[in-house]
Amino acid sequence: MKVYGIDIITGSVRSRTKRPVYALVIIDGGEVTNETEVSHFRLLRMLSRDEPDLLAVDSIQELAVDQHELCTFMQTLPPMTRLVQVTGGEKKETLGKIAARYNISFNRFDPFAEARTIARVAYLGGGAEVVAFENGCDVVVSRHRSLGKGGWSQNRYVRKIHGAVLQRAREIEQALLAGGLRYEKKESRAFGGASRVIFHIQANRGMVPIHAYRGTDVQVRIACRRLDRIRFRPMSERPPYLIVGIDPGTTTAYAALDLDGHLIQAGSSRQMSMADSIEALYRLGKPLVIASDVQQMPYSVEKIRRAFNAVSFTPREDRSVEEKQELTAGYTYANVHERDALAAALNAFRHYRHKLQNVIKRVPPGYDLNEVRAGVIRGLSLEQVLGGKGEIHEKEAAEPAPVTTESKRDDRVSLLEGQVKRLRAFVEELELHQREHEREILRLQKQLQRERTGREQQFRRETEIAKRDLIIQNLKRLLRGEQRHTRDLKKRLDRLRQHAAIDRTDDALPAKVLSALTREGIHLLTTEVGVNPGDVLFVAKTDGWGRTSIKELADLGIRAVIVGAPSTDQIDTQVRAACAEFHVPLLAGSRVKVMVRGKSGSLDRKQFEDALKEWEKELEQQARQKATEKLESIFREYRWEREKEVHRGG
């Protein structure tokens, strides 16, 4: 792999007077092959000549002022050369911090040292690739000279140029077909051939077997399709190593640190299952150490540790709340569960901190410190992690003194005996802690049982109170309805008493006032006062009457209906006819005077009986008249039939 690492010495791409000069360091196969000063123009020429795999910078602002200029610069790069920003993508870090991950030190005031570091980091897979184009490009074949105003041979000249454009487009199309590339062709036909041919190819620029070309008559341009914004793609897809603290329970919390002790993320949830916890940690990185804040790791935390095959860590004894607060001071967390998880992670980091710092001092430059530290935490020696590559510290590199086989065996036996003693003491300590925990568990179970009993009694009491409150509310609602019904009945009773008082006199008759001669008015009067057979009704007007309302009055068996009209002639003829049909006496207010008082009234008995007799006489007279008319009609029909027979016989 060939890598170009550059760092600006003087000048700037933003300056119009002093163009930039770069320090260029070339690494080929892991070795520095060249260091030189180059201008911007010479850098482009060397890139076109050597076609390196990577062009590494610490900031893309050293190459271009804005996105448009950067895309133009990347358009001039060879197809297989990738632009890498070693300080990261959207979230940039300093070059010193990036180099420290690979245990590389440099003089930040020396541009060549920075360029050397940039190239080395890019060679080791650090940084992010700058992506400015889509996975596709356009090949444009067009004229390279103007057609001019023309002359005697203008047509032959135009045919020659357009034919050359069409011929070059056909050659490009054959190359695309031979390469098995998908494309869309857009051709602008012209006199003698084509003036412009565009190929929209569904492949990146490096896969297109076409080169830009400028000839006498034809030019070929290759343009990549730009993205809306510059994107960054990490060169290394390896997830970062994490030191994770987990606090299980009803609310599961986790806190993740990197190998430098920086908090990456802390979270908690009541609905987080074991699978959700594993997925959340998998998105953050690769857990290297799973820690708990209690001396014996809970079963759920142990299952998460096994899922990642991580190293387990538990404290020698349970931490108190004061120690956790002191340990997590200066960090932000949402609740006590996240605090406990963060305390567990910080405790594990402090346990490994001195070992990690010692590893940094002993690792030679050019190694990924995270990988080395991860191997050491897993229990490997530094030599095993480095795989015999690189120089180890001088003291460790010295040859050890020869040791006999017998002495090795004796040392191993003594070592194992000491380990057995330590393990036995540790087992006794664990058994003591286990008995204490069992007593504490029994005490907590009894306390929990008492709490549950009290909670159940309180819950039953609250449930019974809520049930009774609901019954009381329903009874109050029913009581209010009954009270309204009682008030309505009292009003109705008062009206009936007034009506009965009128009925007890000999000279007066009671009358019930009807608001309108409609079904609604009849129902309203029936509800408020009641309508009984033999009642006399009074209505001021007959507006809105109907046959159904007259029939309903007849079904109720009322004695008569008095209309407040000045005379009988002013009553609607149809109303009188309907009343006569259903035998409901209809009297005018001019014949029977009615004294109205609210929903009831009174009238003179003698006037009423006289008017009722007159109505019956009118009804009999109308009946006789109808019978006479019917008889005359039958007689006329008989005469007409007889006349037809006479005429027919004659």
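Nothing in this text is a laboratory measurement; each read-out follows from the coordinates by a stated rule. For clarity, every value in this text was computed on a predicted model and none was experimentally measured. When we count neighbours, we look across all protein chains shown, and the Cβ atoms used for this are built from the backbone with ideal geometry, even at glycine.
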From the Cα centre of the range 288-320 to that of the range 340-374, the distance in Å is 18 Å
Least to most buried among THR332, THR314, by other C-beta atoms within 10 Å and fewest first, runs THR332, THR314
Length-normalised contact order of the chain, Cα under 8 Å, at least 6 apart, in percent, tallies to 7 percent
Surpassing 18 Å at the alpha-carbon level, of the pairs LYS541/LYS613; LYS324/LYS446; LYS512/LYS541, are LYS541/LYS613; LYS324/LYS446
For the chain, the dipole about the Cα centre with charges only on Cβ (Lys and Arg +1, Asp and Glu -1), to the nearest 20 debye, works out at 1920 debye
Checked the chain against the a/c 1.5 cut and the a/b vs b/c comparison, axes a ≥ b ≥ c from its Cα gyration tensor; verdict oblate
Quick calc: nm separation of the 7 Å Cα→Cβ label points for TYR299 and ASN532 -> 8.5 nm
For 256-269, 609-622, 457-470, ranked highest to lowest by mean beta-carbon neighbours within 10 Å, the order is 256-269, 609-622, 457-470
Karplus ³J(HN,Hα) for the range 97-104 (6.51 cos²θ - 1.76 cosθ + 1.60, θ = phi - 60°; Hz, whole; x = Gly/Pro) runs 5, 5, 5, 5, 5, 9, 6, 10
So for R0 = 30 Å, FRET eff. of LYS421-GLU326 from the Cβ-Cβ r, to 0.05, ends up at 0.30
Exposure-ranked with fewest Cβ neighbours within 10 Å first, SER633, SER292, SER277 stand as SER633, SER277, SER292
Expected vector for the range 207-217, Karplus 3J(HN,Hα) from phi with 6.51, -1.76, 1.60 and θ = phi - 60°, integer Hz, x for Gly and Pro, equals 8, 8, x, 10, 10, 5, 8, 9, x, 5, 10
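Is the shape of the range 508-632 rounded, prolate or oblate, going by the alpha carbon gyration tensor and its root eigenvalues a ≥ b ≥ c, with a/c under 1.5 for rounded and a/b larger than b/c for prolate?
It comes out prolate by the Cα gyration axes.
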Here the range 532-539 yields Karplus 3J(HN,Hα) values (6.51, -1.76, 1.60; θ = phi - 60°; whole Hz; Gly and Pro given as x) of 10, x, x, 6, 9, 10, 10, 10
For the range 82-123, listing trypsin sites (Lys or Arg not before Pro) in a DSSP loop whose Cβ sees at most 12 other Cβ atoms within 10 Å gives LYS91
Of all GluC sites (Glu not before Pro) in the range 4-52, the ones in DSSP coil with at most 14 other Cβ atoms within 10 Å are none
Taking Lys and Arg as +1 and Asp and Glu as -1, residues besides VAL130 with C-beta under 10 Å from its C-beta add up to +2
Between TYR241 and residues 5 or more places away or on another chain, the pairs with built amide H atoms under 5 Å apart involve LYS286
Rounded to the nearest Å, the spacing of the alpha-carbon centers of the range 613-650 and the range 504-537 is 41 Å
The set of residues whose placed amide H lies less than 5 Å from the amide H of ALA508, leaving out same-chain residues fewer than 5 positions away, is ARG605
Expressed as a whole-number percentage, the relative contact order of the range 508-632 with C-alpha contacts under 8 angstrom and at least six residues apart is 25 percent
Restricted to the chain, the DSSP antiparallel beta bridge percent, nearest 5, is 75 percent
Residues whose modelled amide H sits under 5 Å from the amide H of GLN265, counting only those 5 or more places away in sequence or on another chain, are ALA256
